[in-house]
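Report on one structure; see the data block that follows.
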Amino acid sequence: MVEGALIVVDVQNDFCPGGALAVDQGDEVVPLINGLIKRFEHVILTQDWHPAGHSSFASSHPGKQPFETIMMPYGKQKLWPDHCVQGTRGAEFHPELEWTKAELVIRKGFRKAIDSYSAFFENDHETPTGLSGYLRERGISKVSFAGLATDFCVAFSALDARRQGFEASVILQACRGIDIAGSMAAMTERMNDAGVALV
Ligand code: VGL
Ligand code: ZN
């Protein structure tokens with residue numbers, strides 16, 4: 001068994017080909033992640049889980065298009081197509097993801113006025129999801145990330161894991177990115193600087 005927790009980030013239909021915010025080859029990570037799930041001591045899943053009309057949706061801002069950036073009270077926010085709406089098929093885990101072993105599902109982005117990329121904090125970098133407390137209480141000090149998207153939810157989760165004092169690695173082979181406006185290179189550099197092991 002690999003020590004620590006595997007955190008499987010947002011392997012949901014809307015981030016896979018055919019979904020509302022599809023990541024290129026997003027579904028290719030599923031068999032790899034299924035293999036990892038078997039090998040890890042603990043497994044935690046995250047699930048992007050937005051109410052309809054969420055403030056990160058371009059459709060909630062008249063005249064705005066997906067992938068534009070706007071200012072929100074908590075800072076810059078990229079706007080997305082409607083995705084991962086609570087209770088829809090797009091928000092469900094990929095049908096081939098073997099998730100039954102998971103001990104915890106962290107849902108994020110459920111507050112209408114604030115987006116959440118990280119598994120630890122919402123995009124104000126202050127509002128916690130409770131994951132740090134959960135890991136600490138359970139004595140888990142090491143986390144490894146796989147899933148979607150490398151340059152958004154995976155990267156922000158890994159950075160916050162370091163900020164919270166956890167040992168963090170990203171299993172790149174089992175991640176796929178969105179890569180808009182150089183986001184992959186920028187986030188890779190930030191993860192390296194923060195001491196995230198990219199493996
Ligand atoms: C994500 C954009 C919006 C992600 C979630 O999982 O990386 N990206 N919501
Ligand atoms: Zn989202």
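The values are calculated or read from the model by the stated rules, or taken from the named source; none is laboratory data. The structure presented is a predicted model; accordingly, all values stated were derived computationally and were not measured. Methodologically, a virtual Cβ is constructed for each residue, glycine included, from the backbone with ideal geometry; neighbour enumeration extends over all protein chains shown. Please note that ligands, DNA and RNA were not included when accessible areas were found on the heavy atoms of the full protein model with its side chains. Shrake-Rupley method; radii C 1.70, N 1.55, O 1.52, S 1.80 Å.
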> residue 134 versus residue 173, label points 7 Å from Cα toward the beta carbon: distance in nm?
Replying inline: 2.7 nm
> In whole angstrom, how far apart do the alpha carbon centroids of the range 1-62 and the range 146-183 sit?
Replying inline: 12 Å
> Relative contact order, percent, of the chain when contacts are C-alpha pairs under 8 Å separated by at least 6 residues?
Replying inline: 24 percent
> If the limit is 22 Å between Cα atoms, which of 38/108; 78/142; 112/142; 101/142 go over it?
Replying inline: 38/108; 78/142; 112/142
>> Suppose we keep just the alpha-carbon trace of the chain; what are its Rg and Dmax in angstrom?
In response: 15.6, 51
>> Could you work out [θ]222 nm for the chain from helices alone, using -39500 (n - 2.57) per DSSP H run of at least four and dividing by all its residues? Round to the nearest 500 deg cm²/dmol.
In response: -5500 deg cm²/dmol
> Using a 1.4 angstrom probe with every protein chain in place, what is the largest-first accessible-area order of 80, 99?
Replying inline: 99, 80
> Please identify the trypsin sites (Lys or Arg not before Pro) of the range 59-108 that satisfy two criteria: DSSP loop assignment and at most 16 other Cβ atoms within 10 Å. Which are they?
Replying inline: 64, 101
> At a 1.4 Å probe, what is the % contribution of carbon and sulfur to the accessible area of the chain?
Replying inline: 52 percent
>> Give me the 1.4 Å probe accessible area per residue for the chain, excluding ligands and nucleic acids, in Å².
In response: 44 Å²
> Amide H of residue 121: which non-local residues (sequence gap of 5 or more, or other chain) have their own amide H closer than 5 Å, using H built in the peptide plane?
Replying inline: 129
>> So if I place +1 on the C-beta of Lys and Arg and -1 on the C-beta of Asp and Glu, and nothing else carries charge, what would the dipole magnitude of the chain be about its Cα centre? I want it in debye, nearest 20.
In response: 340 debye
